[in-house]
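Asks: Before I ask anything, here is the structure I am working with.
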Amino acid sequence: MKNKIQATQIERVMRDNDFIVSKTDLKGQITYANKIFVEFSGFTQEELFKQQHNIIRHPDMPRAVFHLLWKNLQSGQEFNGYVKNMSKDGSFYWVFANVTPSYDNNKNIIGYYSVRRKPSQQALTIIGPIYKEMLAAEKTAGAKNAIEVSIGLISAKLEQQGVGYDQFALSI
Ligand SMILES: Cc1cc2nc3c(=O)[nH]c(=O)nc-3n(C[C@H](O)[C@H](O)[C@H](O)COP(=O)(O)O)c2cc1C
């Protein structure tokens, strides 16, 4: 189903008080989605349940961002960042996401949890062109080198400011 969706230029904009929430298992399969997630994604709870979270992945997103997300999560850290998502009808919506590991009583990671809110226009003005550059670099580099080249690109940008992606995302 996912690959048949054509991205459109129609934007859905989060409201100031919205929280889009989801939970996944260790493999990134959705185990919970709140009402606002259902509204923005355009999928029903039933359609979302047990699907990989990339069901709402937008083709404009650089792969390196998800690489950073999973790297953080698997090492027990949280991730903060901007994500452009795609709804079932091909429209898009930007979110500012906080993603965290969930632990059991023995400190084993048992799944992941994400809460997203409306990103500021200022942040999108900054992050939009950076993601475009990363995506272009990934396409030029080809699948094998995409992540390395793209991470190199954003690292070089952030090095000047002495911050990592997470800190940068929280600061803009
Ligand atoms: C809790 C959680 C929330 C996630 N939220 C999103 C999301 O909103 N949009 C998205 O494209 N990927 C999200 N991901 C990442 C996806 O699992 C996936 O890595 C990403 O869509 C890239 O897909 P791909 O690895 O098939 O290229 C999330 C992962 C986790 C664990």
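Asks: Ignoring ligands, DNA and RNA, what percent of the 1.4 Å accessible area of the chain is carbon and sulfur?
Replies: Result for the chain: 52 percent of the exposed heavy-atom area is carbon or sulfur.
Asks: Measuring from label point to label point, each 7 Å out along Cα→Cβ, what is the residue 108 to residue 34 span in nm?
Replies: For residue 108 paired with residue 34, the spin-label model returns 2.9 nm.
Asks: Pull out a ≥ b ≥ c, the square roots of the eigenvalues of the alpha-carbon gyration tensor of the chain, then state rounded if a/c is under 1.5, prolate if not and a/b is larger than b/c, and oblate in the remaining case.
Replies: Details: a/c = 1.43, a/b = 1.16, b/c = 1.23.
Note, shape of the chain comes out rounded.
Asks: Further question: If only Cα atoms are counted, what is the Rg of segment 76-172, and what is its Dmax, in Å?
Replies: Computed over the Cα atoms of segment 76-172, radius of gyration and Dmax are 15.4, 45 Å.
Asks: For residue 161 and residue 44, FRET efficiency with R0 = 45 Å and r from the beta-carbon atoms, rounded to 0.05?
Replies: On the way: r = 42 Å, r/R0 = 0.94.
Efficiency computed from Cβ-Cβ geometry: 0.60.
Asks: Amide H of residue 57 versus every other amide H placed in the peptide plane: which residues, excluding those fewer than 5 positions away on the same chain, fall under 5 Å?
Replies: 86
Asks: Do you know the relative contact order of the chain, to the nearest whole percent, from alpha carbon pairs under 8 angstrom that are 6+ apart?
Replies: That works out to 24 percent.
Asks: Continuing with the same structure: State which helices in the chain qualify, where a helix is a whole DSSP H run, it must extend 20 Å or more along its own axis by its Cα atoms, and its mean Kyte-Doolittle hydropathy must be at least -0.5.
Replies: Answer set is 121-141.
Asks: Could you work out, for segment 1-40, what percent of all Cα-Cα pairs fall into each 5 Å distance bin, beginning at 0 Å and stopping at the bin that holds the largest distance?
Replies: 6, 17, 18, 22, 24, 12, 2
Asks: Let me ask another. Return the long-range amide H neighbours of residue 92 (sequence gap of 5 or more, or a different chain), with a cut-off of under 5 Å between placed amide H atoms.
Replies: 10, 11, 12, 87
Asks: Give the accessible surface of segment 13-172 per residue, rounded to a whole number of Å², with probe radius 1.4 Å and ligands, DNA and RNA excluded. Write down the numbers at each step before the final one.
Replies: Working: 8440 Å² over 160 residues.
Averaged over the residues of segment 13-172, the accessible area is 53 Å².
Asks: Right, next: Specify whether the C-alpha gyration tensor of segment 109-161 places it in the rounded, prolate or oblate class, a ≥ b ≥ c being the square roots of the eigenvalues: rounded for a/c under 1.5, otherwise prolate if a/b is larger than b/c and oblate if not.
Replies: It comes out oblate by the Cα gyration axes.
Asks: In nanometres, what is the gap between the two model label sites at residue 54 and residue 143, each 7 Å from Cα along Cα-to-Cβ?
Replies: Rounded to a tenth, the inter-label distance reads 1.0 nm.
Asks: Let me ask another. Using only DSSP helix segments of four residues or longer, with each worth -39500 (n - 2.57), what per-residue ellipticity at 222 nm results for the chain after dividing by its residue count and rounding to 500? It would help to have the intermediate numbers written out before the result.
Replies: Details: 6 runs with 65 residues, N = 172.
It lands at -11500 deg cm²/dmol.
Asks: How long is segment 18-106 along each principal axis, judged by its Cα atoms, biggest number first, in Å?
Replies: Principal extents (Cα only, largest first): 40, 27, 23 Å.
Asks: Please list, ordered by chain and number, the residues whose modelled amide H lies under 5 Å from the amide H of residue 111; skip anything fewer than 5 residues away on the same chain.
Replies: Amide H to amide H, under 5 Å and 5 or more residues apart or across chains, residue 111 pairs with 102.
Asks: Could you report the accessible area of residue 16 in Å², rounded to 10, computed with a 1.4 Å probe on the protein chains as they sit in the structure?
Replies: Approximately 120 Å² for this residue.
Asks: Same structure, new question: Sticking with the crude label model, points 7 Å out along Cα→Cβ, report the distance from residue 77 to residue 136 in nm, one decimal please.
Replies: 2.9 nm
The values are calculated or read from the model by the stated rules, or taken from the named source; none is laboratory data. Being a predicted model, the structure only gives us computed values, none of them experimental. Please note: Cβ atoms are built from the backbone with ideal geometry, for glycine as well, and neighbour counts cover all protein chains shown. In case anyone asks, the SASA skips ligands and DNA or RNA and just uses the protein heavy atoms, side chains included. Shrake-Rupley method; radii C 1.70, N 1.55, O 1.52, S 1.80 Å.
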